[in-house]
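The values are calculated or read from the model by the stated rules, or taken from the named source; none is laboratory data. In this text the structure is predicted, and so the values were computed from the model without any measurement. For neighbour counting, all protein chains shown are included, and Cβ atoms are generated from backbone atoms with ideal geometry for every residue, glycine included. When the accessible area is computed, the model is the full protein with side chains, heavy atoms only, and any ligands, DNA or RNA have been set aside. Shrake-Rupley method; radii C 1.70, N 1.55, O 1.52, S 1.80 Å.
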Amino acid sequence: MTERTLAIIKPDAVERHLAGKIIQRIEDEGFQIRAMRRSHLSAKQAEGFYAVHRERPFFGSLTTFMSSGPAIVLVLEAPDAIKKWRTLMGATDPAKADAGTMRKEFAQSIERNATHGSDAPDTAAYEIGYFFAGLDLL
Ligand code: GDP
């Protein structure tokens, strides 16, 4: 089933000029890029995006990092896109990520881990709507 997911090339990867390599890999793996934008989140916008994590001990650090510089936000489409992109990203902690995954190749730490991907259909719908309007996705 064709599905959409929200991907973010996080500020650490944008700052290190890794966006081109990551986007190339996205295309090589067969995803369609349905929308894409550079976005430098404010602290409030990062807190809204990660609201589900507000009780976690790393919430402050994570939202400070995510608002520290521009990110590139994409809507990816493919059969089984949510799982497919999470598999390509690899484990949250790069030390545990499989070889060939984005996080194994590009992450610096469990927090500065290069990419984000929605984890379920309901979060994908929320996250896509957080950044893009229906008219951006026709
Ligand atoms: P994801 O779905 O793989 O991105 O992981 P989570 O939803 O659990 O966490 C969201 C984001 O918070 C991760 O991608 C990391 O950037 C960050 N994060 C997760 N766990 C930790 C942690 O233990 N410490 C810190 N500092 N950041 C973390």
Open item on the list: Anything in region 49-65 that is within 15 Å of the chain's Cα centre (by Cα) and either basic (Lys, Arg) or under 21 Å from Arg4 (Cβ atoms) (or both)? List them, or say none.
Closed with: Phe49, Tyr50
Task: So Arg56, is it near the ligand (Cβ under 10 Å from one of its atoms), in contact with a helix residue (DSSP H, G or I) (Cβ under 7 Å, 6 or more places away or on another chain) and farther than 25 Å from Asp136 by Cβ - done: no
Task: Boolean, Ile82 is modelled with pLDDT of 95 or more, surrounded by fewer than 19 Cβ atoms within 10 Å (Cβ to Cβ), within 15 Å of the chain's Cα centre (by Cα) and within 15 Å of the ligand (Cβ to nearest atom) - done: no
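Which one of Phe31, Phe49, Phe58 is of a type outside the set (Ser, Thr, Tyr), modelled with pLDDT of 95 or more, under 15 Å from Arg112 (Cβ atoms) and open to solvent by less than 90 Å² (accessible area, probe 1.4 Å)? Break it down into steps so the answer makes sense when it comes.
Values: Phe31 fails: under 15 Å from Arg112 (Cβ atoms); Phe49 fails: under 15 Å from Arg112 (Cβ atoms).
From the options Phe31, Phe49, Phe58, the qualifying one is Phe58.
Any residue at all in region 101-114 that is assigned to a helix (DSSP H, G or I), surrounded by 12 or more Cβ atoms within 10 Å (Cβ to Cβ) and within 9 Å of the ligand (Cβ to nearest atom)?
So far as region 101-114 goes, yes, one or more of its residues are assigned to a helix (DSSP H, G or I), surrounded by 12 or more Cβ atoms within 10 Å (Cβ to Cβ) and within 9 Å of the ligand (Cβ to nearest atom).
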TODO: Would you mention how many residues in region 61-79 are crowded, with 16+ Cβ neighbours inside 10 Å and assigned to a helix (DSSP H, G or I)?
DONE: 4
